[in-house]
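Engineer: I'd like to ask some things about the structure below.
Readers should treat all values here as calculations from the given coordinates under stated rules, not as data from a laboratory. Keep in mind that what you see is a predicted model, and the values were worked out from it rather than measured. All Cβ positions, glycine included, derive from the backbone under ideal geometry; neighbour counts span all protein chains shown.
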Amino acid sequence: MGAVSNLSGRHYSPAMIGVLSNRAYARLFAAQAIALAGTGLLTIALGLLAYDLAGERAGAVLGTALTIKMVAYVTLAPVANAIAARLPRKALLIGADLIRAAVALCLPFIEAIWQVYLLIFVLQAASATFTPAFQATIPDILEDEAEYTKALSLSRLAHELENLISPALAGLLLLVTSYHWLFGGTVVGFLGSALLVWLAPLPTRKPAATSQSFTERLTRGLRIYLATPRLRGLLGLNMTAAAASAFVIVNTVVVVKAGYGGSETDVAIAFAAFGIGSMAAALSLPKLLETIPDRPVMIAAAWLLTLVTLAHAMWLLGIGRTAWPAFLAIWAISGAFYSGLLTPSGRLLRRSAHAEDRPAVFAAQFALSHACWLVTYPLAGWVGVAFGLPAAMLVLGLLALLGVCAALLLWPAGDPREATHAHPELPADHPHLANNAAGAGHRHELIIDDIHRAWPAKG
């Protein structure tokens with residue numbers, strides 16, 4: 001416990017635990033943690049299943065399966081948000097969990113690659129409905145930004161169950177049974193998530209200010225996202241994160257088993273190393289973000305993640321495989337920078353949308369970020385098969401570099417939360433112009449909405 005306290009100074013650990021005193025959030029966090037633990041088992045089981053079905057071409061099979069997952073996310077998340085905008089939150093979340101559990105129950109019985117692809121699409125269609133709605137609920141429960149920041153770090157820790165606790169559990173299970181039983185853990189995770197969501201007292205949706213058509217609901221999140229400079233920069237950073245992590249997710253099983261001659265347990269250890277690094281970064285971020293703005297933290301993490309990826313690729317091309325301990329260290333370092341890049345993104349989304357628009361903006365982030373994985377997963381799988389794993393890592397490293405450069409251009413330094421601007425199109429007695437003459441400049445926190453449809457140009 002002392003080590004955790006030293007990471008963040010006085011009262012860090014109690015403060016982190018304190019956010020769980022909110023009963024609704026505590027149950028949602030538990031739901032997220034147990035579902036992600038099951039998803040972590042699913043990730044490892046799918047990799048081993050792909051290796052059984054395709055041997056050393058498992059990277060291509062898994063890359064295709066993950067590409068199908070991304071297609072479902074990119075195409076269905078905004079549609080699901082628009083359709084579900086007026087549905088009760090709790091029923092929506094529970095229904096999606098039950099569908100995911102039913103699909104996971106079928107996975108141990110498949111015998112052909114096409115069946116993997118079909119079931120993955122159905123499962124991820126349900127996830128495309130569940131995840132943005134879940135993420136948009138948290139800032140409505142935790143309205144204080146400091147509390148929400150702690151919740152984001154806890155969420156990142158929950159995500160690392162996929163790379164730490166789940167692989168450890170998988171390693172133990174694989175000592176006594178086949179990987180097919182790992183899918184049972186996934187079923188338990190989704191059913192447990194549904195139960196905890198049912199027990200959580202969730203806030204009702206905040207109604208939109210105006211009645212919106214289906215088309216408006218479908219495109220609103222994307223319009224707000226692309227009109228906000230910090231979110232356009234986030235899109236570039238999403239590409240960096242996707243490029244670096246795609247190699248880890250798609251090719252770790254091939255690197256460990258074909259490259260190092262490792263066992264199934266070694267595959268779990270490699271994923272756990274990435275998770276340990278990510279968890280360490282998540283623990284330190286709340287205190288760090290109290291003194292350093294989001295942009296410098298995220299940009300620095302993106303640069304470092306890119307440099308590690310490129311350096312590792314050049315080492316593989318020029319010298320060859322690293323020693324096993326060095327490989328695990330590289331995975332852990334990459335996990336730390338990956339977490340530093342992505343964990344603060346929820347803060348950007350929260351401050352860039354009104355409460356009634358948050359589900360749409362979170363759905364846009366979900367779709368756009370996964371569009372990046374839609375590019376990087378096939379690259380990781382097919383380039384690895386066609387030209388070798390070092391070439392795949394180099395290509396992905398260069399794509400990560402492109403993402404950082406785009407973020408620097410799209411998200412200028414000194415990102416202000418307030419902006420001076422004018423509304424010449426509004427009548428002088430419009431409520432928004434309180435105490436300002438029509439067309440006169442005024443200053444307040446700027447969020448894209450029906451009145452502010454574009455970001456003011458500098459000067």
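Engineer: As a footprinting exposure proxy, order 354, 370 by other Cβ within 10 Å, with the fewest listed first.
Structural biologist: Result, fewest neighbours first: 354, 370.
Engineer: At 0.36 nm per residue, minus the direct Cα-Cα distance, what do residue 311 and residue 402 gain on full extension? Give it in nm, one decimal, please.
Structural biologist: Value of the extension gain: 31.2 nm.
Engineer: Given axes a ≥ b ≥ c from the Cα gyration tensor, I'd like to know whether the range 351-410 is rounded (a/c under 1.5), prolate (a/b larger than b/c) or oblate.
Structural biologist: oblate
Engineer: So if R0 is 30 Å, what FRET efficiency would residue 322 and residue 447 give, r being the distance between their Cβ atoms, rounded to the nearest 0.05?
Structural biologist: Calculated value: 0.05.
Engineer: Step through the table entries 69/150; 69/90; 69/287, compare each Cα-Cα distance with 32 Å, and write down the pairs that go over it.
Structural biologist: Violating the 32 Å Cα-Cα cut-off are 69/287.
Engineer: Something else about it: Only counting other Cβ atoms within 10 Å, I'd like 235, 49 sorted with the fewest neighbours first.
Structural biologist: Result, fewest neighbours first: 235, 49.
Engineer: Same structure, new question: Rounded, prolate or oblate: which fits the range 246-325, taking a ≥ b ≥ c as square roots of the Cα gyration tensor eigenvalues, rounded meaning a/c under 1.5, else prolate when a/b beats b/c? Working shown, then result.
Structural biologist: Numbers: a/c = 3.25, a/b = 1.74, b/c = 1.87.
Judged from the Cα gyration tensor, the range 246-325 comes out oblate (a/c at least 1.5, b/c at or above a/b).
Engineer: Which order do peptides 107-117, 269-279 fall in by mean Cβ count within 10 Å, highest first?
Structural biologist: The packing order, highest mean first, is 269-279, 107-117.
Engineer: Modelled label-to-label distance, residue 387 and residue 258, 7 Å Cα→beta-carbon offset: nm?
Structural biologist: 1.6 nm
Engineer: If each residue's Cβ is checked for other Cβ atoms within 10 Å, how do 154, 398 rank with the fewest at the top?
Structural biologist: In increasing order of surrounding Cβ atoms, one gets 398, 154.
Engineer: What does the extension gain come out to for residue 109 and residue 178, with contour length at 0.36 nm per residue minus their alpha carbon separation?
Structural biologist: Full extension of this stretch gives 23.6 nm more.
Engineer: Ordered by residue, what ³J(HN,Hα) values in Hz, to whole numbers, does the range 333-343 give under the Karplus form 6.51 cos²θ - 1.76 cosθ + 1.60, where θ = phi - 60° and Gly and Pro are x?
Structural biologist: Taking θ as phi minus 60°, the curve returns 5, 4, x, 5, 5, 4, 5, x, 6, 8, 4 Hz for the range 333-343.
Engineer: If you take the square roots of the eigenvalues of the alpha-carbon gyration tensor of the range 232-290 and sort them as a ≥ b ≥ c, do you get rounded (a/c under 1.5), prolate (a/b over b/c) or oblate?
Structural biologist: Cα axes put the range 232-290 in the oblate bin.
Engineer: Distance in nm between label sites at residue 355 and residue 198, each 7 Å beyond Cα in the beta-carbon direction?
Structural biologist: Distance between label points: 2.8 nm.
Engineer: OK, next. Using r as the Cβ-Cβ distance of residue 413 and residue 227, and R0 as 25 Å, what FRET efficiency do you calculate, to the nearest 0.05? Walk me through the intermediate numbers first.
Structural biologist: On the way: r = 19 Å, r/R0 = 0.77.
Computed FRET efficiency for residue 413 and residue 227 comes out at 0.80.
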